[in-house]
Every structure is written in structure tokens, then in C-alpha cells.
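Before any comments, here is the structure.
Read the figures in this text as sums done on the coordinates, not as results from a lab. Small disclaimer: the values here were computed from a predicted structure and weren't measured. Cβ: placed from backbone, ideal geometry, glycine included. Neighbour counts: every protein chain shown.
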């Protein structure tokens with residue numbers, strides 16, 4: 001029997017949302033079980049939060065990293081409640097429900113009932129100008145096509161082509177879904193990205209029928225009916241600040257990187273670049289796959305982590321004076337298929353979508369640049385990147401107004417690309433890791449979901465698993 005006087009020394013490598021969530025739930029589990037724990041968070045950045053970075057400037061609330069999360073994924077809402085932040089949650093502007101997709105340099109409203117690029121209302125889908133009649137009829141063949149006989153993983157793009165055809169995949173699904181991963185749908189794992197698609201085919205014999213069913217369930221259980229996305233009134237950094245306060249007793253080593261791990265007689269040592277050694281009984285690794293592999297590889301084989309490619313992206317935020325802007329928005333923004341040949345992959349009409357982000361007499365736009373097949377645009381110097389983005393919005397929306405200011409954020413090697421077989425690969429890796437390095441846990445965006453709620457859920461699961469060990 002383990003003594004309640006024994007102190008669990010746990011080092012969390014990574015101070016982003018995965019690391020902070022892991023620390024929060026480790027602390028909570030220890031309290032629940034009456035265990036004593038000493039937690040240390042290590043991160044090379046000088047501040048906590050990872051990619052979450054809210055800038056408040058001249059009355060604007062600007063997200064330099066992620067800007068929201070899916071309302072149907074409850075892990076983040078549950079965490080907000082536990083931190084006393086539920087009242088800070090806010091939904092999208094109900095008057096800005098429309099989202100547009102670009103086709104031949106024109107903006108087409110997404111048909112009502114489109115869920116993750118899949119039609120759930122046949123009438124509006126039949127009327128859209130985004131597709132040819134042949135493309136529409138091919139998509140509706142999903143209702144009668146036989147299901148796949150095996151449950152092997154396949155590419156997301158290959159699955160969508162097989163069920164609803166190439167036109168829907170390229171013109172609608174790809175710009176909508178690829179934005180989440182900045183990836184090529186023909187290279188991304190179906191099981192790792194949208195397992196509900198495969199489940200729809202297995203259970204209902206049709207992707208469309210399955211998504212119709214899921215849509216009804218989501219509407220019944222949503223924490224914010226009518227809003228797909230949520231954020232915080234003061235920006236996503238509200239969540240980081242709440243976790244920071246809740247973890248006030250946790251030791252931090254910020255602005256210094258971990259360089260390698262060493263085995264010790266009773267556990268491990270995490271060696272920092274300043275020479276400091278942190279002794280640990282358990283280690284929670286939330287670093288990107290390539291950084292985790294650098295730390296683990298001398299002690300355990302990490303080929304599965306090395307096979308996860310990362311993509312760099314950037315976003316360009318522009319603020320305008322409404323009196324000189326010359327355009328009013330009736331929606332939340334638009335996405336851009338790669339066939340359009342633009343630098344931008346999407347543009348959020350931020351001040352229209354999120355009313356808290358801008359003074360009433362101002363306009364805020366956020367443009368996204370970079371994907372797996374375009375890693376050159378984000379390397380442009382700042383002035384050339386801004387010029388390219390302004391050229392794109394001039395051509396697509398006729399915007400010629402001069403911005404009041406521009407904020408550029410480059411997120412290098414930030415988007416993990418889950419290859420086909422990813423779920424099985426990660427299971428094999430984690431199983432082997434527990435045999436070769438017992439007590440070392442890996443979690444975060446590289447493993448089981450890139451969204452904020454997914455990272456929080458994984459942090460909670462890691463904490464529960466660690467304290468379930470004997």
C-alpha cells in the first residue's frame with residue numbers, strides 16, 4: 001500500500017493548454033485522493049499559454065493564436081466551470097450566421113444544413129451555385145452506395161471522394177475541414193480527424209444520414225444553441241489566466257528548455273538547458289511530437305513521433321475605421337479552396353462574428369495564410385506578406401481602405417498532420433513507451449485532436465491514468 005505521506009514528483013514539459021490542463025487535473029486528482037504531489041511546469045517560453053495569445057489594443061480584443069472552440073466539445077466548458085469562468089463565455093453574433101465559400105473568385109453562402117461540409121438538408125444543397133448538377137447528384141449517391149466492407153483506416157479525402165464525390169470534397173469539404181489542420185485531406189487519417197464520418201457509414205450506411213442524425217443530437221445537447229463556436233469575452237487568454245491562478249502553488253521553470261531525460265534509481269531527471277536537474281517520479285510530455293522525440297529518443301524508440309509532419313501557418317489581423325471601410329458584412333467570413341490560387345486560406349470578419357472584439361466604429365479582419373501545400377507564403381517578409389493579403393482581400397471583397405494597424409502572427413511548425421494509420425501508430429507507441437519508460441506520459445495536440453477541448457480532455461485523461469497506477 002502506498003503511503004499517503006509519499007510525495008509524487010511530477011514534471012510537466014510544456015506550458016500550453018495541454019500542459020496546464022494536465023497540471024490542473026493532476027492537482028485536483030491528488031486532492032481528491034489525499035495524495036501529496038509536487039508539480040513543476042517547464043517551458044522554453046517566458047509565459048504560459050503556448051499558442052493562446054490574446055492582445056488587447058485600442059479597444060480591440062485580438063487573438064494571435066486560436067480564436068475559439070467548438071461548443072459541442074464539452075471538456076473546455078467543464079474546465080471553465082471549474083475555474084469559475086462560465087460567465088465569461090460568449091457565443092457568436094446570431095446576426096452573422098452566414099459563412100461563405102469562394103468559387104471562381106465569387107462568394108457563395110454555405111447552404112443551410114451543411115455540417116462539416118456534408119449536406120443534411122437536401123433542398124438548400126440542391127440550389128447552391130458551388131457545384132454542378134453532376135456534382136450534386138454524385139453527392140446524393142451516398143444515400144444508396146454500399147458501405148465499405150472493412151474498418152481499415154483511410155485518408156479523409158479518399159473517404160469523402162468515395163462517399164460524396166470529388167466536387168464536394170474539393171470545393172466544400174476541403175476548404176472547411178483543411179483549415180482545422182492546414183493539411184491535405186488526401187494525406188490525413190480519417191480515424192484520427194473525423195472518426196464520426198466512418199461511424200456514420202458503419203451505423204447508417206450513409207454519411208449524409210449519419211450526419212443528419214448527429215446534427216439532431218448536437219442541437220439537443222449544445223451548451224449554446226445556435227452557436228457552433230464559443231470563446232471568452234476577454235479572449236482565450238482568460239482561460240490561461242484562470243489556470244495560472246488555480247496553479248499558483250505549482251513550481252514553474254519558464255524561459256528555459258528541457259534538453260534531455262535521464263534515468264535515476266527512483267525515477268527520472270529532467271535536465272534543463274541551464275544545467276538544472278528536476279527529479280521526477282512521473283513525467284507528462286506535452287511538447288510537439290518532434291520535440292518530444294528529441295527528449296525521449298535516446299531512451300526509447302520514437303519512429304511514430306518522427307512520422308508526424310508539422311505545418312507552419314500565419315495569420316494577419318487588420319483593424320479599420322468603419323467610416324472609411326466602405327463595406328458591411330452579413331456573415332462571419334469565408335473560406336478559400338486551394339484551386340482559387342490565393343495566398344489566404346480563409347478570412348474571418350472578426351468584428352461581425354464576435355461583437356466583443358471591436359469598438360462599434362471599427363472593423364476587424366483576420367486572414368489565414370499557409371497550408372501543407374503552401375509553406376512559402378508564410379516565409380514572406382512582413383511587408384510582402386501584408387501586401388499579398390491586402391491584394392487578396394482587394395480582389396475578393398473590393399477592400400481598398402488603409403488599415404489602422406496590422407498584427408502578424410507566425411505559428412511555425414504548429415499544425416500536426418495525422419497520417420493514415422495515426423490512431424494505431426500512437427497506440428503502439430504509447431504501449432511501447434510504458435514498457436520502456438514507465439511513468440513517462442505523452443499527450444497533447446500531436447496525439448488525439450488539435451482543438452483546445454481535445455487538448456484539455458487529453459490532459460485530464462493523462463492525470464487520471466497517472467493516479468490510477470499502483
State the Cα centre-to-centre distance between segment 395-430 and segment 45-83 in whole Å. 16 Å
Could you tell me the distance between the Cα centroids of segment 432-455 and segment 90-147, to the nearest Å? 35 Å
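Based on the alpha carbons, how large is the Rg to Rh ratio for segment 235-320 when Rh follows Kirkwood? Kindly include the intermediate steps, with their values, before the conclusion.
Numbers: Rg = 17.0 Å, Rh = 15.9 Å.
Here Rg/Rh amounts to 1.07.
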By the mean-Cβ-within-10 Å protection proxy, highest first, 392-403, 47-58 rank as 47-58, 392-403
In whole percent, what relative contact order does segment 110-223 give with Cα contacts below 8 Å and a gap of six or more residues? 30 percent
In degrees, nearest 10, range 0 to 90: what is the angle between the Cα axis of helix 17-33 and the longest Cα principal axis of the chain? 50 degrees
Cα→Cβ-extended label distance, 7 Å offset, between residue 166 and residue 375, nm: 2.7 nm
Starting from the eigenvalues of the Cα gyration tensor, five times each then square-rooted, give me the equivalent ellipsoid semi-axes of the chain, largest first, whole Å. 38, 27, 21
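When only Cα pairs under 8 Å and 6 or more residues apart are kept, what is the percent relative contact order across the chain?
25 percent
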Angle in degrees between helix 452-468 and the longest Cα principal axis of the chain, rounded to the nearest 10: 20 degrees
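Hey, can you rank 179-192, 17-30 by average C-beta count inside 10 Å, highest first?
Taking the mean over residues of other Cβ atoms within 10 Å, the ranking is 17-30, 179-192.
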Using 0.36 nm per residue of separation minus the Cα-Cα distance, give me the extension gain between residue 279 and residue 383 in nm, one decimal. 32.8 nm
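Given contacts defined as C-alpha pairs under 8 Å and at least six residues apart, what's the relative contact order of segment 238-291, whole-number percent?
Over segment 238-291, the number comes to 21 percent.
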Report the rotationally averaged projected area of segment 309-417 based on its alpha-carbon convex hull, in square nanometres. 6.9 nm²
Full extension between residue 202 and residue 299 adds, at 0.36 nm per residue less the Cα distance, a length in nm of 30.9 nm
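Restricting to bridges with both residues inside the chain, how much of the DSSP beta-bridge set is antiparallel, in percent to the nearest 5?
70 percent
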For segment 110-223, what is the per residue volume of the convex hull drawn over the alpha-carbon atoms, in cubic angstrom? 103 Å³
Helical contribution to [θ] at 222 nm, DSSP H n ≥ 4, -39,500 (n - 2.57), averaged over the chain, rounded to 500: -10000 deg cm²/dmol
Take each of the peptides 303-315, 128-140, average the number of other beta-carbon atoms within 10 Å over its residues, and list them starting from the highest. 303-315, 128-140
What translational D, rounded to a whole number of µm²/s, comes out for segment 36-193 from Stokes-Einstein when the hydrodynamic radius is the Kirkwood one over Cα pairs, at 10 °C and 1.306 mPa s? 83 µm²/s
In whole angstrom, how far apart do the alpha carbon centroids of segment 296-362 and segment 3-35 sit? 34 Å
